[in-house]
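The values are calculated or read from the model by the stated rules, or taken from the named source; none is laboratory data. From a predicted model like this one, the values you see are computed outputs, not experimental measurements. Positions of Cβ are generated from backbone atoms using ideal geometry, with glycine treated the same way; all protein chains shown enter the neighbour counts. Heavy atoms of the whole protein, side chains included, go into the accessibility calculation; ligands, DNA and RNA do not. Shrake-Rupley method; radii C 1.70, N 1.55, O 1.52, S 1.80 Å.
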Amino acid sequence: MTWQQVYDPFGNMIVSTFFGALPVVVMLVGLGFLHLKAHIAAAAGLATAVAIAIAVYHMPAAMAGNAALLGGLTGLLPIGWIVLNIIFLHQLTEQNGSFRILQDSVAGITPDRRLQLLLIAFAFGAFFEGAAGFGTPVAVTAAILIGLGFSPLAASGLSLIANTAPVAYGALGTPVITLAKVHGYDLMALSAMIGRQLPFFSLLVPFWLIWAFAGRKAMLEIWPAILVTGVSFALPQFLVSNFIGPELVDVIAAISSMTALILFLRIWQPKTIWSSVSLKGRQHDGGEGHASPLPVRHARADLIRAWTPWAILTAFVFLWGLPPVKAFWNGVYAPVFPINGLHLLVEKVPPVVAKPTKEAAVYTFGLLSATGTGILVAAIVGGLIMKYSPLRLMATFGRTVWMVRYSLLTIVLMLALGTLTRYSGTDSTLGLAFANTGVLYPFFGTLMGWLGVALTGSDTASNVLFGGMQKVAAGQLDLSVNLMGAANSSGGVMGKMIDAQSIVVASTATRWFHHEGDILRYVFFHSIALACLVGVLVTLQAYVYPFSAMVVR
């Protein structure tokens, strides 16, 4: 029996919006202010979502349970699978000492912590975002930063801030391609429009990142390097997105940024070296980190051995992300499981969609094609090259599973919460609240994208969730549909740093377990401030020349 979603169950959007937001509020308050452990806060949010879906939105209880089950399965694969295997690789490189050599080699490029952040958190992280997405960049960069001596809060929070500008084109353009395919946008027009919004923030975010870490004065001391990093990322981002397509935007831009920064540092170094590893040089709850000793110069053969596992990881992640490779593995083994009692039984209705649309609820067990599997293969190959025996590899993997068990549980619960809000319609209630803002819609429509990523943990999922609503609202308000579709994705990237899934990935990668609330409190201001700035840009593009001349009609 089909169940139609109801978006204003009380006949009063203010009251309905309050109840629609309550599950997320419960989770975030528990995490950020009541200092509950992440899995407990997530469980409280999920329980609230189930209660509201059934009692307020009148969703059948079995459907609510099945929606939560689908989300939990998605939390394990692909998200949790990525986290587990990244930490496994990190464990292997730590145990045999090669990670220490890698740290020395990074410090050999520059001993300045601010410049290390630009190189690792922003540029190197952007490459992994472009190649794989789904938590991979934060897991990799946070692990490297903690190894370089950064405090857990700095390594976690700054990795999250840095992983913003690349997100819209992450995983070989998947968010943009999905938005165009699902909601009928023109792919090249949409890619070009996003590419006329995000480059502004690709210039801004490196400055913002160093300001958040070291303060304004310390940021200004290295402004030439920051400018080189941002320009060498933003320019390729604009050119590739506008003239080639969305697939390789981040990969090309990240390689350009890393190369430009490394070459620039051969001819320029700051007058003063920033050696602090905590935020703005002060002690925080995350501790001061540990000051790394002066980097040791290693033989070329040792450097090659130390970088080999990470080079293998890069190659495998990129390879696994290619559509033909994914299609091959899915052809080998990728069973599809429609969720009985949910699949095609939930119907979205106007004004969220143009016409009533049944929601599919299918879980694909794409284990072979999952990015996490590529990471696991890379870790095994790297481990064998590092002369680990198969037995020792298995033992290390088992210890890694035990280490991240609560993190995996948290991801499962949070994805269950996000998926339930989608199928129950509570997220659409929140979206409609933004859509009813009239002339201010370009600003609040951008924040709708931010909200979508904060809820789901994925720019792709946010585009699926709100892309249709953006198109309908733009048509009603005589705005460019491409502008508002792009705004959903561009605004969404700023929600990536506060989504609970990313925060758990960061805390796990830094082994700062049960401090997810500290990370959330640190990044929240940066997330909402940057999202509002994107909203201002979109509003200018909607109404004010010369910004309006950038709009792709």
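Think of segment 1-125 as a dipole: +1 on every Lys or Arg Cβ, -1 on every Asp or Glu Cβ, centred on the Cα centre; then among 63, 31, 116, 116 lies furthest on the positive end. A simple rule links phi to the HN-Hα coupling: the Karplus curve 6.51 cos²θ - 1.76 cosθ + 1.60 with θ = phi - 60°, which for segment 361-374 gives 9, 10, 10, 9, 7, x, 5, 5, 8, 5, 4, x, 5, x Hz, with x for Gly and Pro.
Sorting 541-553, 78-90 by average packing, meaning the other beta carbons within 10 Å per residue, from highest down gives 78-90, 541-553.
Taking Cα centre as origin and charging only the Cβ of basic (Lys, Arg, +1) and acidic (Asp, Glu, -1) residues, the dipole magnitude of segment 297-414 rounds to 400 debye. Counting only other residues whose beta carbon sits under 13 Å from that of residue 424, what net charge do I get with K and R as +1, D and E as -1? My count for the surroundings of residue 424 gives -1.
In order along segment 171-177, the Karplus-derived 3J(HN,Hα) couplings, from 6.51 cos²θ - 1.76 cosθ + 1.60 at θ = phi - 60°, round to 6, 6, x, 4, x, 6, 4 Hz, and Gly and Pro are given as x. Over the chain, how many pairs of lysines fall under 29 Å by alpha carbon, counting only those 8 or more apart in sequence or from different chains? So the count works out to 22. Taking amide hydrogens as placed 1.01 Å from N in the peptide plane, the amide H of residue 346 sits under 5 Å from those of 3, 359, each at least 5 positions away in sequence or on another chain.
Simple point charges give the picture: +1 on the Cβ of Lys and Arg, -1 on the Cβ of Asp and Glu, and for the chain a dipole about the Cα centre of about 860 debye.
Entry note, segment 78-160: relative contact order of 33 percent, from Cα contacts under 8 Å with a spacing of 6+ residues. Working from Cα positions, state the angle (0 to 90°, nearest 10) between the long axis of helix 405-424 and the longest principal axis of the chain. Helix 405-424 sits roughly 30 degrees off the main axis of the chain. For residue 337, the residues whose modelled amide H falls within less than 5 Å of its own, excluding neighbours fewer than 5 places apart on the same chain, are 363, 364, 365. Once volume of the Cα convex hull per residue in Å³ is calculated for the structure shown, the corresponding label among [x] 216; [y] 202; [z] 138 turns out to be [z].
Using 0.36 nm per residue and subtracting the Cα-Cα separation, the extra length available between residue 223 and residue 511 on full extension is 100.5 nm. When segment 262-415 is described by a simple charge dipole with +1 on each Lys and Arg Cβ and -1 on each Asp and Glu Cβ, the residue from 321, 413, 279 located farthest towards its positive end is 279. Solvent exposure of the chain, expressed per residue, is 37 Å² of accessible area, with all protein chains present and a 1.4 angstrom probe.
Relative contact order, whole percent, for segment 1-84 stands at 25, derived from Cα pairs under 8 Å and 6 or more residues apart.
Restricting the count to DSSP beta bridges whose residues both fall in the chain, what percent are antiparallel, rounded to a multiple of 5? Expressed as a percentage, antiparallel bridges in the chain total about 75. Below 8 Å, C-alpha to C-alpha, sequence gap of six or more: please give me the relative contact order for the chain in percent. RCO, the chain: 25 percent. Each residue of segment 45-53 was assigned a 3J(HN,Hα) from its phi angle through the Karplus curve 6.51 cos²θ - 1.76 cosθ + 1.60 (θ = phi - 60°); the sequence is x, 5, 4, 5, 5, 5, 4, 6, 4 Hz, with glycine and proline shown as x. For the chain, the longest principal axis of the alpha carbon atoms and the long axis of helix 98-109 meet at an angle near 80°. For the chain, with the dipole built from +1 on Lys and Arg beta-carbon atoms and -1 on Asp and Glu ones, taken about the Cα centre, which of 50, 179, 237 lies farthest toward the positive end? Checking the options against the dipole of the chain, the answer is 237. In the chain, the longest principal axis of the Cα atoms and the axis of helix 300-321 are about 20 degrees apart.
Over the chain, with every protein chain in place, what whole percent of the accessible area is carbon and sulfur at 1.4 Å, could you tell me? Could you put the intermediate results ahead of the total?
On the way: 14250 of 20300 Å².
About 70 percent, which is the carbon plus sulfur part of the accessible surface.
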